[in-house]
Amino acid sequence: MYQDAAGRILFDADIATQVDHDWFAQAYWHQQGALQMQVGGRGGVAMIASPLGDLVLRHYRRGGMVARWLGDRYLWTGADRTRAANEFRLLGEIARRGLPGPVAVAARHLRHGLFYSADLITRRIGGAQTLAQCLAAGHLDAALAGDVGALVARFHRAGIWHADLNAHNVLLANGALYLIDFDRGRLRKPARAWQQANLQRLRRSLLKLGAAAPGVAAFEQAIWQPLLERYRGTLNA
């Protein structure tokens, strides 16, 4: 951990021996010739080719109407309760449980009086496609859907709740599946209510992206039922 008057940085000492504020500035990586890509959207995401390997730098930004007023500012309630610190710790727990998620490298908050801003650095999962991209390319079939069901069940069985389980946050890379973006996620006692609500969120995401274009009945038979069957089998294994 590194702390100064500006804020606090948490980092994995097994990955990086020291992390400072420059690590969280896209301009710094640009000067080093290491800024590979900037991704639009409220997340403020940048891909970095660092000496430690490829990294993802994400700046936390609000969504919805409140973003007009607060943008990237969050109400200060303590250093251990910032969005970045919570996600950093949860990713550490995910890694300890052997689950396929992003590897946390460092997290930072900057204090601004009654508010704070925050950033997170994780290792990049190379060669990945989102489930949404697989669907758009016509590659989402019963086998892949079943694998997604098993993936979600592993996290649910461990009591890990994903706050925004959708097709953009499931990655396929080199034949393996991962869940990403655990902002606002947390450990919960396994319970059918939140697990089913999580699944329904994923279902709505798939439908919104056109998974039922051939018809709802075809979607149920070819995609959703295989997903549920593997989910239930894995959850109860």
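The values are calculated or read from the model by the stated rules, or taken from the named source; none is laboratory data. Given the structure is predicted, the values throughout are model-derived calculations rather than measurements. Cβ sites come from the backbone with ideal geometry, for glycine too, and all protein chains shown count toward neighbours.
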Query raised in the report: For residues in the stretch 171-183 being out of contact with any helix residue (DSSP H, G or I) (no Cβ under 7 Å at 6 or more places or on another chain) and outside any strand (DSSP E or B), which is surrounded by the most Cβ atoms within 10 Å (Cβ to Cβ)?
Result: Asn174
Report task. Six or more apart or on different chains, Cβ under 8 Å: which pairs go from a residue in the stretch 137-160 that's crowded, with 19+ Cβ neighbours inside 10 Å to one that's acidic (Asp, Glu)? Could you list them? Result -> Gly146/Glu229; Gly149/Glu229; Ile160/Glu93
Query raised in the report: Has the stretch 148-155 got any residue that is in a loop (DSSP other than H, G, I, E, B) and not β-branched (Val, Ile, Thr)?
Result: no
Requested in this report: Could you identify the single residue in Leu177, Leu165 that is of a type in the set (A, V, I, L, M), in contact (Cβ under 8 Å) with a residue 40 or more places away in the chain and out of contact with any Pro (no Cβ under 9 Å at 6 or more places or on another chain)?
Outcome: Leu165
Report summary line: Here the qualifying pairs (Cβ atoms under 7 Å; residues six or more apart or on different chains; first in the stretch 208-232 and over 21 Å from Gln195 (Cα atoms) and in contact (Cβ under 8 Å) with a residue 24 or more places away in the chain; second crowded, with 17+ Cβ neighbours inside 10 Å and small (Gly, Ala, Ser)) come out as Leu209/Ala132; Leu209/Ala167
Report task. Identify all residues within the stretch 19-67 that are under 18 Å from the mean Cα position of the chain (by Cα), surrounded by fewer than 16 Cβ atoms within 10 Å (Cβ to Cβ) and at pLDDT 95 or above; write none if there are none. Result -> Asp54
Query raised in the report: Within the stretch 127-147, can you find the residues that are in a strand (DSSP E or B) and under 21 Å from Gln225 (Cα atoms)?
Result: Thr130
Query raised in the report: From the list Leu70, Leu110, which residue is more than 27 Å from Leu177 (Cα to Cα) and loosely packed, with under 15 Cβ neighbours inside 10 Å?
Result: Leu70
